[in-house]
Structure formats: structure tokens, C-alpha cells
Amino acid sequence: MKHYKDTQKSLKKFILTESAVKKINQLIKQNPSILGIRISLKRSGCAGWSYLINTVSKFTKDDFVYEYKGVQICTLKKFLPFINTLELDYIKNGLGYKFKFNNPNAKNICGCGKSINF
């Protein structure tokens with residue numbers, strides 16, 4: 001497993017907003033078995049790809065693990081080009097809150113906002 005403590009060496013433009021860092025740390029505090037988050041992509045929607053975010057309680061040998069502002073984030077190496085410029089935010093959405101993925105390299109975003117194309 002590759003582990004990078006310095007995001008600048010691996011993902012030059014990946015950003016977690018302060019609200020995203022705060023929420024992830026809150027999740028970890030509520031459940032100490034959580035080590036961090038996993039960001040991945042799956043083929044989905046009319047634009048082609050959807051981001052997925054899950055908590056992680058165990059890293060695998062295929063995980064690319066790095067740290068940003070004290071939060072461990074993992075993904076598969078094949079997804080690195082797609083998340084290199086990603087900003088992960090945690091925003092108020094109607095009556096609730098959600099993680100929001102902002103990626104300036106996305107070429108198309110579907111009308112409902114649930115899928116993207118690169």
C-alpha cells in the first residue's frame with residue numbers, strides 16, 4: 001500500500017473544505033473504527049460517471065491512501081486522474097446536508113447533477 005502524508009506530492013489540487021474536514025472528523029469521533037473516507041467512481045447516470053464516498057474501517061493492498069488536513073482519504077490508483085482536481089465540500093441541501101463534489105475537469109454534468117463525464 002502506498003501512503004502519502006503530503007497531498008502536494010500525489011494530488012496537487014485535491015481539496016477538502018473546512019466543512020468537509022469537520023464532518024469527516026465528526027464521523028470518526030462517533031465511530032472510532034472509521035479510519036477515513038474512500039472516494040471512488042462508478043459507471044452511472046446519463047453523463048457516464050458518479051462519485052461515491054464511503055467511510056473506511058480497513059485499507060486494502062490496492063488502496064492509494066493519503067492524508068489531507070489530518071483526514072485519511074483512499075482511492076484506487078486508476079481513479080487518481082479523476083480526483084486530482086476535486087474539491088470535496090459538505091453543504092446544506094434543503095433541510096439536510098450532503099457531501100458535494102466540485103471538479104473543474106468535468107466536461108459534462110447531467111441535468112440532475114448526479115453524474116459527470118470527463
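The values are calculated or read from the model by the stated rules, or taken from the named source; none is laboratory data. The model shown is predicted, which means the values in this text are computed figures rather than measured ones. A quick note on method: Cβ atoms are made from the backbone with ideal geometry, for glycine too, and the neighbour counts reach across all protein chains shown. When the accessible area is computed, the model is the full protein with side chains, heavy atoms only, and any ligands, DNA or RNA have been set aside. Shrake-Rupley method; radii C 1.70, N 1.55, O 1.52, S 1.80 Å.
Looking for something part of a loop (DSSP other than H, G, I, E, B) and modelled with pLDDT under 85 - is there at least one such residue anywhere in the stretch 27-46? Looking through the stretch 27-46, at least one residue is part of a loop (DSSP other than H, G, I, E, B) and modelled with pLDDT under 85. Consider Ile53 carefully, then state whether it is without any contact (Cβ under 8 Å) to a residue 60 or more places away in the chain, surrounded by fewer than 17 Cβ atoms within 10 Å (Cβ to Cβ) and within 14 Å of the chain's Cα centre (by Cα). Judged against the criteria, Ile53 is a match. Among the residues of the stretch 57-83, those that are within 12 Å of the chain's Cα centre (by Cα) and assigned to a strand (DSSP E or B) comprise Val65, Tyr66, Glu67, Tyr68, Val71, Gln72, Ile73, Cys74, Thr75, Leu76.
Residues of the stretch 38-48 that are touching a strand residue (DSSP E or B) at 6+ places or on another chain (Cβ under 6 Å) and either open to solvent by 50 Å² or more (accessible area, probe 1.4 Å) or free of Cβ contacts under 8 Å to residues at least 24 places away in the same chain (or both): Arg38, Lys42. Here the condition is being modelled with pLDDT under 85 and open to solvent by less than 50 Å² (accessible area, probe 1.4 Å); of Asn105, Asn84, it holds for Asn84 alone.
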